[in-house]
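J.: Once you've had a glance at the structure underneath, I'll fire off some questions.
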Amino acid sequence: MAAMHNPAGLSPVVAGAWRLAEWGWTPQQRLAWIEANLDLGVTSFDHADIYGGYSVEALFGEALALRPGLRGRMQIVSKCGIGLVTPARPRHRVKHYGTSAAHLRSAVDASLRALRCDHLDLLLIHRPDALMDFDELADTFEALRREGRVRQFGVSNFAPHQLAPLQRRIALATHQIELSPLHLDPLHDGTLDQCLDLGLRPMIWSPLAGGRLFTGNDERALRVRQTLEAMAAELGVAVITLVIAWVLRHPSQPLPILGSRRIEVAGQAMAALDLRLDAQAWWRIWTAAAGQEVA
Ligand SMILES: NC(=O)c1ccc[n+]([C@@H]2O[C@H](COP(=O)([O-])OP(=O)(O)OC[C@H]3O[C@@H](n4cnc5c(N)ncnc54)[C@H](OP(=O)(O)O)[C@@H]3O)[C@@H](O)[C@H]2O)c1
């Protein structure tokens with residue numbers, strides 16, 4: 001097995017900023033959320049240029065500017081590669097993907113300006129682009145690294161056949177993918193096998209299924225919730241601790257990204273670092289999630 005690396009030095013649980021604009025917070029409240037995460041050991045923050053319609057990075061940067069010394073205690077991850085049609089980007093005529101050198105350069109410039117930082121610790125291509133030229137992309141990554149503007153690179157939501165050619169040209173740091181008891185695909189479609197094979201620790205988005213684990217009313221969500229609640233009671237842990245422990249149990253050593261505004265959720269997720277599920281406990285959750293036992 002390849003040794004699993006964590007080249008961007010990410011914390012074992014990451015704070016996701018996708019929903020930050022929805023929270024309607026003052027700069028002081030945003031700063032308090034950042035500091036509370038840092039105090040818990042959640043030192044990596046996940047962004048994308050498009051979050052909040054291109055507004056979230058600036059909201060974060062405004063809060064960080066209240067205490068700039070915090071930058072040295074955190075890792076900032078951002079993504080680019082999606083073009084939204086919005087007044088914030090008047091030149092976009094159609095929603096599109098972009099991975100050209102020009103697209104990446106202007107996106108990184110805009111992200112750094114909004115975050116009020118001089119570098120990103122990690123930049124990800126948000127979605128695979130049908131017009132992606134692997135050589136151009138790898139050359140652009142190298143140039144951004146030489147210029148000191150981005151330290152490490154990765155991708156998100158790629159199929160294995162899209163990640164492999166890029167990885168042959170430049171060492172990627174991670175693959176950011178969706179995984180939860182309500183989204184099992186990467187366990188079985190080769191995505192996590194590839195991460196393990198290449199020694200890439202995957203970042204996991206929506207590990208709580210975006211909250212649907214707690215609020216979903218469909219048959220599957222109800223069945224999974226019942227199993228999680230029963231197991232959490234047996235183990236004497238919070239449901240969130242159990243779900244994150246289920247994610248962490250994969251041998252690729254995933255790095256879950258939480259999207260909650262509530263700091264107690266981060267605390268419950270960090271507690272999962274001390275809970276190693278045995279294989280049968282892991283499969284019990286999988287069985288509820290899949291709605292059938294293994295063959
Ligand atoms: N690469 C990509 O394509 C991609 C896509 C999506 C997301 N992401 C990243 O992944 C991060 C996490 O995604 P996510 O926000 O979907 O993650 P998540 O942690 O699965 O879901 C967070 C949501 O669940 C809710 N929640 C948590 N506990 C709950 C409970 N007990 N009852 C009801 N609701 C509850 C939270 O609400 P409260 O705030 O009220 O707790 C929040 O709205 C994002 O911030 C972003 O950085 C990346």
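Please treat every number below as a calculation from the coordinates, not as lab data. Because the structure is a prediction, the values reported are computed rather than measured. A quick note on method: Cβ atoms are made from the backbone with ideal geometry, for glycine too, and the neighbour counts reach across all protein chains shown.
J.: Would you work out if the stretch 27-67 is rounded, prolate or oblate? Take a ≥ b ≥ c from the square roots of the eigenvalues of the alpha-carbon gyration tensor; rounded if a/c is under 1.5, else prolate when a/b is larger than b/c, oblate otherwise.
T.: Judged from the Cα gyration tensor, the stretch 27-67 comes out oblate (a/c at least 1.5, b/c at or above a/b).
J.: Give the Cα extents of the chain along the principal axes, in whole Å, largest first.
T.: Cα extents, longest axis first: 52, 44, 37 Å.
J.: If amide hydrogens are placed 1.01 Å from N in the peptide plane, which non-local residues have theirs closer than 5 Å to the one on L255?
T.: M203, I204
J.: Ignoring solvent entirely, what values of log10 I(q)/I(0) come out of the Debye formula for the stretch 253-295 at 0.17 Å⁻¹ when each Cα is a single scatterer?
T.: For the stretch 253-295 at q = 0.17 Å⁻¹, log10 I(q)/I(0) is -0.66.
J.: Using DSSP to define loop residues, name the GluC sites (Glu not before Pro) in the stretch 118-223 whose beta-carbon has at most 13 other beta-carbon atoms within 10 Å.
T.: Qualifying residues, ordered by number: E147.
J.: What translational diffusion coefficient, in µm²/s and rounded to a whole number, does the Stokes-Einstein relation yield for the stretch 10-172 at 25 °C and a viscosity of 0.890 mPa s, taking the hydrodynamic radius as the Kirkwood radius over Cα pairs?
T.: D = 151 µm²/s.
J.: If one takes the longest principal axis of the Cα atoms in the chain, at what angle in degrees, from 0 to 90 and to the nearest 10, does the Cα axis of helix 219-235 lie?
T.: Around 70 degrees separate the two axes.
J.: Still on this structure, please answer the following. Dividing the convex hull volume of the alpha carbon atoms of the stretch 58-151 by its residue count, what do you get in Å³ per residue?
T.: It comes to 93 Å³ per residue, whole-number rounded.
J.: Around R89, with a cut-off of 12 angstrom between Cβ atoms, what is the net charge of the other residues, counting Lys and Arg +1 and Asp and Glu -1?
T.: Net charge in that neighbourhood comes out at +2.
J.: On a 0 to 90° scale, report how tilted helix 160-169 is relative to the longest principal axis of the chain, with both axes built from alpha carbons and the result rounded to the nearest 10.
T.: So the helix axis and the longest Cα principal axis differ by about 50 degrees.
J.: Could you give the length gained on full extension between A295 and R67, defined as 0.36 nm per residue of separation minus the Cα-Cα distance, in nm?
T.: Full extension from A295 to R67 adds 76.6 nm.
J.: Per DSSP H run of n ≥ 4, the term is -39500 (n - 2.57); total these for the chain, divide by its residue number, and report the mean residue ellipticity at 222 nm rounded to 500 deg cm²/dmol.
T.: So the helix-based figure for the chain works out to -13000 deg cm²/dmol.
J.: If neighbour count is taken as other Cβ atoms inside 10 Å, put K95, K79 in order from fewest to most.
T.: Ranked by crowding around the Cβ, least crowded first: K95, K79.
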